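Comments concern the structure below.
The values are calculated or read from the model by the stated rules, or taken from the named source; none is laboratory data. If you're wondering where the values come from, they're calculated on a predicted model, not measured in any experiment. Quick reminder, even Gly has a Cβ in these numbers, built from the backbone with ideal geometry, and neighbours come from all protein chains shown. Accessible surface is based on the protein model in full, side chains and every heavy atom, while ligands, DNA and RNA are left aside. Shrake-Rupley method; radii C 1.70, N 1.55, O 1.52, S 1.80 Å.
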Amino acid sequence: MSDYQYIVKKIKEWALTNYGIPDGSISIFSLKRLDNGNWKAGCSFIINNDLKHFYIMLDGSGDIISYSNKNSDYMGSAPTLILIAEIFSILVIIGISISILSFIFAGALSINNISYYSCRSIPVNSGIAIPMFTIIIFILIILAIFIAVDFYVLIRILKIRKYINSGDAASALLEDTVGLGIIAIIFNGIITGILLLITREELRTASQ
């Protein structure tokens, strides 16, 4: 048995002895060996329908030195902020999807009525007329890029929310990068991006 497995075993024994939590009901979301040989662990489990988070200090032999309980709101407003960011991100995706469908419909009409649209071309500086169908294709490409990035941001948001719900503020902070917030501002809307950046600060405080 490795040192890591031994410490995990000791944490599970502690949870069972003190709170009656069976082996499969405890989530250990962080475990780190400190420079002095001690271990710092973070775990969570449900007590009386309430999710509890504990940070535990153990010595090199696995004996509990100290532990502290942080209830489900120890991350401040991060759970609420990330939920709102998720909702706004989904709304943006729905809006772009509707726009894509609208332009696809317009493109289909332009094919069926090519003679109608050909006499209503849009001139550019070069003097070359660009058919309306070409404009629609160009817009669809742009919208496709936007919705692809929007889905990427949403997937990251879902990961952050998953970490938050499991009590793993450190992993959530690693996922919620400044770069993600900037990308979200550009592609998912200013509100989503700002919420991600604010959530990051809440997570930074919670993970300290």
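Please give the FRET efficiency for L101 paired with L174, using the beta carbon to beta carbon distance and R0 = 30 Å, rounded to the nearest 0.05. Walk me through the intermediate numbers first.
Working: r = 36 Å, r/R0 = 1.21.
According to the calculation, E is roughly 0.25.
Extension gain D23-E201, at 0.36 nm per residue separation less the Cα-Cα distance, in nm?
Between D23 and E201, full extension yields an extra 60.8 nm.
Quick one: if the Förster radius is 30 Å, what FRET efficiency do S61 and L158 give, using the C-beta to C-beta distance and rounding to 0.05?
The value I calculate is 0.15.
Could you tell me the accessible area of L16 in Å² (1.4 Å probe, neighbours in place), rounded to the nearest ten?
Taking all protein chains as shown, L16 has close to 100 Å².
Any lysines with Cα under 17 Å of the K12 Cα? List them, leaving off those in the same chain fewer than 8 positions away.
Correct list for K12: K32, K40, K52.
Between V149 and E13, how many nm apart are label points set 7 Å from Cα along the C-beta direction?
5.3
Keeping all protein chains in place and using 1.4 angstrom, which order do F187, F151, F138, F88 fall into by accessible surface area, from largest down?
On the way: F187 50, F151 95, F138 130, F88 75 Å².
Per-residue accessible area, sorted high to low, gives F138, F151, F88, F187.
Express in Å², to the nearest 10, the accessible area of I104 obtained by rolling a 1.4 Å probe over the protein heavy atoms while all chains stay in place.
In the full protein context, I104 sits at about 90 Å².
Leaving out ligands, DNA and RNA but keeping every protein chain, what accessible area does T80 have, in Å² rounded to the nearest 10, with a 1.4 Å probe?
The accessible area comes out at roughly 80 Å².
Between N38 and L91, take the C-beta separation as r, use R0 = 41 Å, and let me know the FRET efficiency to the nearest 0.05.
Using R0 = 41 Å, I get an efficiency of 0.30.
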